[in-house]
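Colleague: Sharing a structure with you now.
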Amino acid sequence: FCRKNEHYRCEYLIMEFSHISVLYEEVLENLNIKPDGVYVDGTLGGGGHAFGLCERLGNDGLFIGIDRDTDALEAASRRLESLPCKKIFVHDNYSNIKKILSDLDMSEINGAMLDLGVSSFQLDAEERGFSYMKPAALDMRMDAQAGFSAYDVVNKYSEQELFKIIKDYGEEKWAKRIAHFIVDARKQEEIKTTDRLVEIIKNAIPAAARRNGPHPAKRTFQAIRIEVNDELGGLETAVDDFIDVLAPAGRLAIITFHSLEDRIVKEKFAYRENPCTCPRNMPCICGLKPELRRITRKPLLPSEKEVEENPRSRSAKLRVAEKLKKITVNF
């Protein structure tokens, strides 16, 4: 498998996925897995949650793993190959769940999970350019076959566009200065590497503001990554689509790491649980009926122990909802 010029790829694919999957037990417990059911992991990554899910499926169970990253798909398939359930791996975006199921001649699933954001798998592969801690080419593509990368955002977006994504997606206090410094710097020379971008960001943030809090580049890198991979663009539709394809009593579990992601999931779950548009003090005449119930009224958070063992879990929130059984009315 290892050829002369593929040392990185070899290590990337056969590396031991020792990273602890966030809210691992909470996800598996709340999915209420049936041994003969059909379950989807729409953000397969290294296959951490998927391993636990497949362990709970029997020979007649079917697991469908979806990811935009072909290397992640290959690594996860190797990790799961010893488990007895049937498995299908799909190179696609989870937001295309309805088309994916249609292509497989399927219409319903018994459960699904999404672990949003970038995986430890991708962060630790420095050549992918996700990390502000490691020098690399500006990339940040979850799908390495996509044409649009962090290089395009940093070097081609206007100052106003940069300001908007850094402010909205990164929730960065110094977004305006950072956008201005990026545009100023690229007038002299294209910004091609992560370490050069980090240097520019540090120069933009006053020294006093850099002394406390997270790494000064953390929020800007997050914002650029979200923009490159359109992580929020399809989420609203995807949540609805996953709910649509759930069988009665099927469950959807979603882990978010960003306040904007969590707000979308929270509002979608709340609306599908109570879509009625009638005034509260009036009988319902709109005809819109609840389609699911929220299993978690408030999001489940990682324990102190989990955060200590895996600091990346600190901002994680898990929300779970269950599809209601269809009610037939006889006249």
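Colleague: Tell me, what is the percent relative contact order of the stretch 82-150, built from C-alpha pairs under 8 Å that lie six or more residues apart?
Modeller: Over the stretch 82-150, the number comes to 14 percent.
Colleague: To the nearest 10 square angstrom, how much accessible area does His180 have with a 1.4 angstrom probe?
Modeller: Number for this one is 80 Å².
Colleague: Something else: Using every alpha carbon pair in the chain, what percent of pairs falls into each 20 Å bin from 0 up to the bin containing the largest distance?
Modeller: 29, 54, 16, 1
Colleague: Protein chains only, probe 1.4 Å: how do Phe269, Phe89 rank by accessible area, largest first?
Modeller: Of Phe269, Phe89, the descending order of accessible area is Phe89, Phe269.
Colleague: So which DSSP H runs in the chain come out at 27 Å plus along the axis (Cα) with average Kyte-Doolittle of at least -0.5?
Modeller: Helices meeting the criterion: none.
Colleague: Applying a 10 Å radius around every beta-carbon, put 279-285, 250-256 in order of their mean neighbour count, most first.
Modeller: Highest mean packing first, the order is 250-256, 279-285.
Colleague: Could you tell me which of Gln145, His49, Leu246 has its Cα farthest along the dipole of the chain towards the positive end, charges placed at Cβ (Lys, Arg +1; Asp, Glu -1), taken about the Cα centre?
Modeller: Leu246
Colleague: Working with all protein chains in place, sort Cys54, Cys286 by solvent-accessible area computed with a 1.4 Å probe, largest first.
Modeller: Output order, biggest surface exposure first: Cys286, Cys54.
Colleague: Rounded, prolate or oblate: which fits the stretch 129-171 when a ≥ b ≥ c are the square roots of the eigenvalues of the alpha-carbon gyration tensor, with rounded for a/c under 1.5 and prolate only if a/b beats b/c?
Modeller: Because a/c hits 1.5 or more and a/b exceeds b/c, the stretch 129-171 counts as prolate.
Colleague: Run the simple label-point estimate for Phe148 and Lys98 please: 7 Å along Cα→C-beta, distance reported in nm.
Modeller: 2.2 nm
Colleague: Can you check what the Kirkwood hydrodynamic radius comes to for the stretch 243-331, Cα pairs only, in Å to one decimal?
Modeller: Computed over the stretch 243-331, the radius equals 15.0 Å.
Colleague: OK, next. In debye to the nearest 20, how big a dipole does the chain give about its Cα centre with +1 on each Lys and Arg Cβ and -1 on each Asp and Glu Cβ?
Modeller: In debye, rounded to 20, the chain gives about 1060.
Colleague: Okay, moving on. In debye to the nearest 20, how big a dipole does the stretch 201-258 give about its Cα centre with +1 on each Lys and Arg Cβ and -1 on each Asp and Glu Cβ?
Modeller: Roughly 780 debye, rounded to the nearest 20.
Colleague: Using only protein heavy atoms and a 1.4 Å probe, report how much of Leu300 is accessible, in Å² to the nearest 10.
Modeller: Solvent-accessible area, nearest 10 Å²: 60 Å².
Colleague: Right, next: How far, in nm, would the chain grow between Glu236 and Lys325 when pulled straight, counting 0.36 nm per residue and subtracting the alpha carbon separation?
Modeller: Full extension of this stretch gives 29.7 nm more.
Colleague: Where in the stretch 215-255 does the amide nitrogen come within less than 13 Å of the point 7 Å from the Cα of Glu161, taken along Cα to Cβ?
Modeller: Only 227-228 fall inside the zone, counting backbone N under 13 Å.
Colleague: Measuring with a 1.4 Å probe in the full set of protein chains, what accessible area per residue, in whole Å², belongs to the stretch 259-302?
Modeller: 69 Å²
The values are calculated or read from the model by the stated rules, or taken from the named source; none is laboratory data. It should be emphasised that the depicted structure is a prediction, and the values quoted were computed from it without experimental measurement. Don't worry about glycine lacking a Cβ; one is built from the backbone with ideal geometry, like all the others, and counts go over all protein chains shown. Just so you know, the surface numbers come from the protein's heavy atoms only, side chains and all, with ligands and any DNA or RNA stripped out. Shrake-Rupley method; radii C 1.70, N 1.55, O 1.52, S 1.80 Å.
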